[in-house]
Structure formats: C-alpha cells, structure tokens
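S.K.: Below you will find the structure I want to go over with you.
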Amino acid sequence: MSAAGRRCPLAGIAVAGVAATRQARRLEVGSVEICLEAARAALDDAGMSLDEVDGISAPWPGPGGAVFHPGSADWTAVFGKGFDWVGDTYPQGAPGLLDAAGAILAGQARTVLVFGGRASGAASAGSPSGGGAKSVVAYTRPDNEFVSCWGSLTAAQFALVAQVYFHRFAPDPERVALVAATIRNAGSANPAAVMHGRGPYRPADVLASPPVAEPFRLLDLCLATEGAAAMVVTSLERARDCPSAPAVILGGGSEWYRQQYVDPPRYDDAARIGAAAFRRSFAMAGLVPGDVDVFELYDICTFEVVRQFETLGFCAEGEGADYLAEAGIGADGRHPTNTDGGLMAYSHVGWGGPTLKIVEAVRQIRGTAGPGQVPGTEVALVTGAGSGAQYHNAALLGADR
Amino acid sequence: MQPPDRADRELTGEFWAGVDRGELLRPVCGRCGRSFFCPQVVCPHCAGAQWSYEPSAGLGVVYSFTVVHRPPEPAFEAPYVLAIVDVAEGWSLLTWIVDCPADEVRIGMQVQVRFVPGPDRALLPAFAPRPESAGAGEAAA
C-alpha cells in the first residue's frame, strides 16, 4: 500500500482517465453531443470501454424530474445501458470527483464516468458572438426573482463581495491585475485555450479593459465559452493498469454556506468560504498548503484567486495581492496557478467548467500538461466556485507514490 | 425581469402587491420576531413556519454596491448601481441605488426606499440617498 493509501480512504481511489473537448466561443454541436464527445475521449484516455462503466455522473433532468432542460439527457438511453449508480452532482469538478469516489468506496460502483459541459450549436447558425446588445449566457444570469429583477449577473454577485474587500483593504490595483495578466498569459501559451495566442498581457492591459461590474473589468473575469470535460474515476488498483499514471485523490471537501444566487453574498459571511474545506482536505492528505505544486483554482475573477490564497493561509486577509506579486503565480513562480489559462483564458463551460480544473491537474501530475507543465508536479489542488456563489469545494490530487 | 403575475405568487405575492402600491414589506417571524429576506417557507433565524409581512420604514445603509456596465439582458440600461442595502429593521436586500451619480455612491451611505419602474415598467423597491437632515448620524441597527 502506498503512503497516501494509509492516510485516508479516498487515497484508494484515482482518476484513471480525463478529457477535454475542443473549447471555443461557440461550437457547431449541442450540449449532449459535446458531453458525449468528452465522455468517450475520457474512456479512451483510460483505455476502457463503456462495458466497464457501472456508474455515471452527468446532467440528468433533475432530482426526480422528467423534463429535459437544455444539456440534460437520459444517459441510460444515450448509452443504451443501465448503471448501478447515477449522480447528478452540481457543480462537477471536486464535488463530482468526491461523490464518485464515495460511491466506489461504498461499494455502489466500481468505475464512474463523470462529465459535463455546454454548447449552443450557434457556430453553425453563423450568428456573430459577443455583440454588446445581446444577453449574457443563461447560466450567468441567476433567475431568482429577487436577483433577476435588478439585472444582476454572476460577475456582479462576486463584485458585491469584492467591493467590500477593496473598500477595506485598498489592494494595489496593479498587483491585483497582475493575477489576471499572469493567468491570461498561461492561456496565451496553451494551444487548446480559447484565448490562445492573445496577449501578452500586462497589468496595464487589464486595468485598461472596459468595466463590467466594478471593481471588475473585462479582463478580470472568466470566459463563458463552450466545450465539455470528463473524467473516469475508479479504484487505484484498477487505475494502475490503465495506460497513464493514476492521479490519486489525497483529500477533498465541500462547504455549502447558502444556495447560490438567492440571498446576496456579504463579504463578512463569504470572505472565509473555503477555509473549512481546505482544512479538511489537507488534514486528510497529511499535507499543508505549502506542499502544493500546482494550484488549479476557480478563477471566476481576479479577486477570487487572491481570496483563495488568503483563505489557504499563505498571508493575512487583505494582503493577498501583495503576497502573490512577491511569490509569483506563473509557471516559474512559487505557486504556479491555473497553468492552462484557467476559466479566464482557457475555457469555462458551466456545469463542466470545474472538471476542466481536474483535467489540468491530472495532466500536470502525469507530466503531460503541455506548455504550462510544471516539472516534477506531485500534488495539485483544484477548487470550485467561491464567495459570490456562497459555496466552495476543494480536492487534492497526487502522484501514485 | 418580472412576469405580470408577480402579485399572485404564493410566497412573495404580498411583497410585490405592497411594492405595487408603494409600500415596502418584509417577512417578520411570529416565533423569534426577527425580520428576514428573501421570503422563504421558514424563518432562516429559527426555522419558525409562522411569519407575516409587516411594513418597513424603508431606511437603510449601503452594505456593498457595484456599478454594472454590462447588463445581463438588453432591457436593462447601463450603467446602474446594484447594491446590498441593510434595512433598519435588521434585514437586507439586493436593490438599486437611484437618484445619485454612480461615482458618488459609497459603502455606508444612508439611503431610503424609492419605488421606481423596472425595465418592464413594474415598480421595484430601489433606494435613494437620504436628505442630509434626515440621514445624518442615524444608525441603521
């Protein structure tokens, strides 16, 4: 048994296969098709066939539901087979991984296929994208009656938290912008990124981009693009027979403070969201934040990256931007972060966005991450959502040692 | 955006009916006596199921705000100031700050309710700066 295996039951579970489809502003196929593409590619990556999959986590018509909202499907019908365990974890990423691992540890499934993503089919319609007068993507427009009536959007919900932070701590705008510029430059170098080849970005470019919801400017914020991601979760024992080296689950945890986008998020309640999930995750792994080689953090906005490093305990509240400017979050920095370009420059695909974080973490651990590869990566941290959404989750993945 | 039937909604119809006649209401728990918002089936302070709408004085303080330059839908005319206002009876809501240039809105600013038409012309409970005489030094507890 590995050293990790003695630490916590999760360490007996691993990610054996991952895949991300092509990511683009608009794709010519729909959500179900792009999800299937990701699912099949993840199975290929794991060297498995569908026959071996007995658990599946994907967008179903909702708990007990019978209506196929966009992007959901009866996956038993799509795959032409029943399963021993099904999940509809939202969001995916770390919670999807941990739910699948839990099902396997509880003997409810042996191999779970987790996938999600979105696509509109709009690319084939020839409609121009990004026009100023159009509506933003539906999942960034919360539909609660006390949110939608005011014209709020997810970026604004995070801005309401960030504004209090900026008011109290007055971080250096250049140093905050450096976070976005560094992540975006990683995306520039990633051939798979939607923003590949753009830039290079300097903090001044971020500060000169148009305001969206103060204090955020366009380049402070993540994309809303199209594509899908998938992962195959199975026992470490089984994963060791797969073509690629397993990525072992070292720990993980979730924190649900409130249902997202109903009550407005208050900085005083939301500032430390994630601290408890981090504490539990690192305790399971027998690690400390300083042991993490790559950080694949949920980068809805620059502020969230800063806030998560504060919540991890690397520096005091309010000092995150100064700390990161000194430590460095590029591939050559002390804390390489969002090495694929993150949600800001690689892609963000709704339900499947958090799984993109795991795809990159697994590739980093395998040593196959491409231009953003950090040599010798053994431990990767992935996170999901954040203060504006009023929930947070984390997982630690590591090499099989 | 609000569908026309908002005053018929089971949990929130009374709130919207109040807004339609220019009255700000808030749920008050019959068990613990505290106010809360958004309206929900049980009180978020004590899980009491008996609560009722009572009038609010509509006086509050800006807890946070953001100037939105990119509306989620074209019906909203940017820029506008989205805010969390802490209302004096101990509850808070997402709202707009109106009658104030966006660059003059401040955290901690004293505000009072003002009903304004939303993009579909139905009234919404926004907030405007309080006149100096009424607001100066007043604490919203």
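Bear in mind that the values in this text are calculations on the coordinates, not laboratory data. Nothing here was measured: the structure is a model prediction, and the numbers come from that model. Cβ: placed from backbone, ideal geometry, glycine included. Neighbour counts: every protein chain shown.
S.K.: Can you give the helix-only mean residue ellipticity at 222 nm for chain A, where every DSSP H stretch with n ≥ 4 adds -39500 (n - 2.57) and the sum goes over all residues, rounded to the nearest 500 deg cm²/dmol?
M.R.: -9000 deg cm²/dmol
S.K.: If I stretch the segment between A:ARG40 and A:THR368 completely, what's the gain in nm (0.36 nm per residue apart, minus their alpha carbon distance), one decimal?
M.R.: Here the answer is 116.1 nm.
S.K.: Can you put A:LYS81, A:LYS357 in order of Cβ neighbours within 10 angstrom, beginning with the fewest?
M.R.: With the sparsest Cβ surroundings first, the list reads A:LYS81, A:LYS357.
S.K.: For the stretch B:6-133, calculate the relative contact order in percent as a whole number, restricting contacts to Cα pairs under 8 Å that are 6 or more residues apart.
M.R.: Contact order relative to length: 20 percent.
S.K.: Work out, step by step, the length gained on full extension between B:ARG121 and B:GLU104: first 0.36 nm times the residue separation, then minus their alpha carbon distance; give nm to one decimal.
M.R.: Stretched fully, the B:ARG121-B:GLU104 segment lengthens by 3.5 nm.
S.K.: Moving on. What does the extension gain come out to for A:TRP256 and A:VAL288, with contour length at 0.36 nm per residue minus their alpha carbon separation?
M.R.: Here the answer is 9.3 nm.
S.K.: Here's something else I'd like to know. May I ask you to give the average projected area over all directions of the convex hull of the Cα atoms of the stretch A:1-95, in nm² rounded to one decimal?
M.R.: 8.0
S.K.: Could you line up A:THR383, A:THR368 from fewest to most neighbouring Cβ atoms inside 10 Å?
M.R.: If I rank by nearby Cβ atoms, fewest first, I get A:THR368, A:THR383.
S.K.: Could I ask something else about it? Enter the mean number of other protein chain beta carbons within 10 Å of the beta carbon of each residue in B:33-41, as an integer.
M.R.: The shielding value for this peptide is 2.
S.K.: Please label the shape of the stretch A:333-394 as rounded, prolate or oblate, based on the square roots a ≥ b ≥ c of the eigenvalues of the alpha-carbon gyration tensor (a/c under 1.5 means rounded; beyond that, a/b larger than b/c means prolate, else oblate).
M.R.: Prolate, since a/c reaches 1.5 and a/b exceeds b/c.
S.K.: So what's Rg/Rh here for the stretch B:6-133, counting alpha carbon atoms and using the Kirkwood radius for Rh?
M.R.: Looking at the stretch B:6-133, the ratio lands at 0.98.
S.K.: Sticking with this structure for a sec: Let me spell out the model: positive unit charges on the Cβ of Lys and Arg, negative unit charges on the Cβ of Asp and Glu, origin at the Cα centre of the stretch B:6-133. What dipole size does that give, in debye rounded to 20?
M.R.: Value, rounded to 20: 260 debye.
S.K.: Each label point is 7 Å from the Cα along the Cα-to-Cβ direction; what then is the distance between the points at A:ARG240 and A:ARG22, in nm?
M.R.: Result for the modelled spin labels: 4.0 nm.
S.K.: Which one, B:ALA78, B:SER35, B:LEU124, is farthest towards the positive end of the dipole of the stretch B:6-133 when Lys and Arg carry +1 and Asp and Glu -1 on their Cβ?
M.R.: Farthest towards the positive pole: B:SER35.
S.K.: Turning to a different aspect of this structure: First select every other residue whose beta carbon is under 12 angstrom from the beta carbon of B:GLY13; then total the charges, Lys and Arg +1, Asp and Glu -1.
M.R.: Every neighbour counted, the sum reads -4.
S.K.: What is chain A's relative contact order, in percent, from Cα pairs under 8 angstrom and six or more apart in sequence?
M.R.: About 26 percent, as a whole number.
S.K.: Now, a different point. Roughly how crowded by other chains is peptide A:154-166, in terms of the mean Cβ count from those chains within 10 Å of each of its Cβ atoms?
M.R.: 4
S.K.: For the protein assembly as shown, what is the charge dipole size about the Cα centre, in debye to the nearest 20, if Lys and Arg each add +1 at the Cβ and Asp and Glu each add -1 at the Cβ?
M.R.: 420
S.K.: Under the definition of partner shielding as Cβ atoms of other protein chains within 10 Å of a residue Cβ, what is the mean value for peptide A:140-150?
M.R.: 6
S.K.: Continuing with the same structure: In square nanometres and to one decimal, what's the mean projected area of the convex hull around the Cα atoms of chain A?
M.R.: About 18.1 nm², averaged over all directions.
S.K.: Using Cβ-Cβ distances only, list the Cys residues of chain B with no partner cysteine under 4.7 Å, sorted by number.
M.R.: That list is B:CYS38, B:CYS100.
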